[in-house]
Each structure stands twice: as C-alpha cells, then as structure tokens.
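Asker: Just passing along the structure, written as structure tokens.
The values are calculated or read from the model by the stated rules, or taken from the named source; none is laboratory data. Bear in mind that the values here come from a model prediction, so they are computed numbers and not experimental data. All Cβ positions, even for glycine, are placed from backbone atoms using ideal geometry, and neighbour counts span all protein chains on display.
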C-alpha cells in the first residue's frame, strides 16, 4: 500500500507561530516550540517550519531558535527562511534539521541548490515554490512572501530546480493559502507532470478528501497549516492531526492503485 506523507507546516513571524490567508492577514497561533511538542504526540510523518521574516528582512536563520525547536522535535524537521550560504546549511544540519528549504535564494542563486545537494544529498534539499495567478490567469512564481513577482513560469522553474539538484519541490498556492477551498488541482497537475522528484502540495486543504484529490492530480505528499492549527467553524486555535486510522481508511487505502 502506498503511504502518503501528510505534513504540518508552521510559520514563524516575529518569533511567534502564525497562520496566514493568501500570505496576508496573519493570526497569532502561539509558541512554535509548544506546537512542536504537541505534534510529537500525533504520529506525524515530518514537519516543516518556515521563518517568513528572514529573507525579507535580509537576515540569516535564527540558529538559537532553531536549536530550541530541534531540541524538542522527535520527528523529521525541514526548515526554511533566510538560508543564503553553505555554511548556514552546515550549521542547520548540525543542529538537527533534516531538510533545508530554499525559496528566495533558489531564485536568486540556483547554484546554492547544487552546492547544498552535493553537501547533504538531494533528498535533503527542498525548493519551495510559491505560485499565484496573475491578472491574465497565468501562473507565476512569487518570492518575498508573495510580494515579488519573479515572472517565472512554475513548470519551467521547478524543472530547472530539479536539474540543479533539488530532491523535492514544495508547491504552495498563494491564492489558496488558508482558504479551506481545496488545493489548486490544475497547478498541481501542471507542475508535477514534468517532474521526476516528489512534489509536496500545499495551500487550501480542509479535509483528508482534499489530500486524496491532490495526490490523484500528481502530488507525492501533502501539507497544510490552517487545517492542523485551527478548529472550525470559528478558527479557534487547536492543534490537531488526523489519526492513523482516519488516514488509513480515507487516504492510504483509497490511493492503493494511484
């Protein structure tokens, strides 16, 4: 039976854990270390932590904060935010990070993707690609928390990143982020069609059924934020994760032949 990774994504803003809607409208959720402690008990596959301020503020990763987080994480952890040099990547792995996630730097300096893959292996290098439709309905890659349109076509860009050495693509729909409107299935299908490496789909998940649809359209793994940190309909903060039975009954078994 094929196992699909289901990954919580935690966003750090000004040291706290937040959740966004369409990369805006931040809502404070709590302390990231406490969230990691709770997720430790949830039998999750891995976790992604993104410092959304670092690159935008032109500062390196907060190594002290990352050390505190990895010290509490008993699950594989991927980190992104502010990574711009190979020495930072070395330190992150020394601190216990198992995957590094490159976004702005991957656009500005693709050679770092190659250098990182040569250092730690492609399987530990993830390129995060934030995508939004422009006014003409065309998908474009954005950076700097969706404030900077690179003009790049995501299908072309992810293939370039794969060729550079990325072992995985983390695809995030800006338009769907935090909306509970389901994944952008067209985007997932388009981007995954030319890839040989795994694709993690993120943005818009509201249920395990949304995960099914993402995988059916080409995702190798699925990720979510709001679904795991809020309780609907009032979006009260409550960290949760589907039980292994729920995933087995509603995701893994239904995707047996995917």
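Asker: Which of the following residues is at pLDDT below 95, within 20 Å of residue 162 (Cα to Cα), touching a helix residue (DSSP H, G or I) at 6+ places or on another chain (Cβ under 9 Å) and not in a helix (DSSP H, G or I): 178, 218, 194?
Answerer: 194 is the lone residue from the list that is at pLDDT below 95, within 20 Å of residue 162 (Cα to Cα), touching a helix residue (DSSP H, G or I) at 6+ places or on another chain (Cβ under 9 Å) and not in a helix (DSSP H, G or I).
Asker: Which one is nearest to the chain's Cα centre (by Cα) among residues in the range 133-146 that are on the phi < 0 side of the Ramachandran plot and without any contact (Cβ under 8 Å) to a residue 24 or more places away in the chain?
Answerer: If we take residues in the range 133-146 being on the phi < 0 side of the Ramachandran plot and without any contact (Cβ under 8 Å) to a residue 24 or more places away in the chain, then 140 is nearest to the chain's Cα centre (by Cα).
Asker: Could you list, in sequence order, all residues of the range 89-109 that are surrounded by 18 or more Cβ atoms within 10 Å (Cβ to Cβ) and part of a helix (DSSP H, G or I)?
Answerer: Once the filter is applied, which keeps residues that are surrounded by 18 or more Cβ atoms within 10 Å (Cβ to Cβ) and part of a helix (DSSP H, G or I), the range 89-109 yields 89, 92, 104, 105, 106, 107.
Asker: Here is a further query. Give the number of residues within the range 164-175 that are closer than 18 Å to residue 24 by Cα, part of a loop (DSSP other than H, G, I, E, B) and touching a helix residue (DSSP H, G or I) at 6+ places or on another chain (Cβ under 6 Å).
Answerer: Looking only at that region, the number is 0.
Asker: Quick test for you: out of 81, 121, pick the one residue that is at pLDDT 95 or above and either within 15 Å of the chain's Cα centre (by Cα) or farther than 30 Å from residue 38 by Cα (or both).
Answerer: Among 81, 121, only 81 is at pLDDT 95 or above and either within 15 Å of the chain's Cα centre (by Cα) or farther than 30 Å from residue 38 by Cα (or both).
Asker: If a residue has to be touching a residue at least 40 places away in the same chain (Cβ under 8 Å) and surrounded by fewer than 21 Cβ atoms within 10 Å (Cβ to Cβ) to count, how many in the range 25-35 make the cut?
Answerer: Adding up the residues that qualify gives 3.
Asker: Within the range 226-249, is even one residue outside any helix (DSSP H, G or I), over 23 Å from residue 29 (Cα atoms) and touching a strand residue (DSSP E or B) at 6+ places or on another chain (Cβ under 8 Å)? Reasoning before the result, please.
Answerer: First pass over the range 226-249, keeping only residues outside any helix (DSSP H, G or I): 230-243.
From what's left, over 23 Å from residue 29 (Cα atoms): none.
So far as the range 226-249 goes, no, none of its residues is outside any helix (DSSP H, G or I), over 23 Å from residue 29 (Cα atoms) and touching a strand residue (DSSP E or B) at 6+ places or on another chain (Cβ under 8 Å).
Asker: Could you check residue 64 against (1) more than 24 Å from residue 146 (Cβ to Cβ); (2) part of a loop (DSSP other than H, G, I, E, B) and say which number it fails?
Answerer: Checking residue 64 against (1) more than 24 Å from residue 146 (Cβ to Cβ); (2) part of a loop (DSSP other than H, G, I, E, B), the one that fails is (2).
Asker: Can you name the condition, by its number, that residue 213 falls short on among (1) more than 16 Å from the chain's Cα centre (by Cα); (2) assigned to a helix (DSSP H, G or I); (3) surrounded by 19 or more Cβ atoms within 10 Å (Cβ to Cβ)?
Answerer: (3)
Asker: Just wondering, is there one or more residues in the range 52-62 that are in contact with a strand residue (DSSP E or B) (Cβ under 7 Å, 6 or more places away or on another chain), at pLDDT below 95 and surrounded by fewer than 19 Cβ atoms within 10 Å (Cβ to Cβ)?
Answerer: Within the range 52-62, one or more residues are in contact with a strand residue (DSSP E or B) (Cβ under 7 Å, 6 or more places away or on another chain), at pLDDT below 95 and surrounded by fewer than 19 Cβ atoms within 10 Å (Cβ to Cβ).
Asker: Also: Have a look at 100, 4, 38, 69 and point out the one that is in contact (Cβ under 8 Å) with a residue 24 or more places away in the chain and more than 22 Å from residue 124 (Cα to Cα).
Answerer: Sole residue among the options that is in contact (Cβ under 8 Å) with a residue 24 or more places away in the chain and more than 22 Å from residue 124 (Cα to Cα): 38.
Asker: Where residues in the range 197-209 are over 19 Å from residue 11 (Cβ atoms) and modelled with pLDDT of 95 or more, which of them is farthest from the chain's Cα centre (by Cα)?
Answerer: Looking only at the range 197-209, we keep the residues that are over 19 Å from residue 11 (Cβ atoms), and these are 197-199, 207-209.
Subsequent filtering for residues that are modelled with pLDDT of 95 or more retains 197-199.
Values: 197: 15, 198: 13, 199: 10 Å.
Step by step, filter the range 197-209, then rank; the result is 197.
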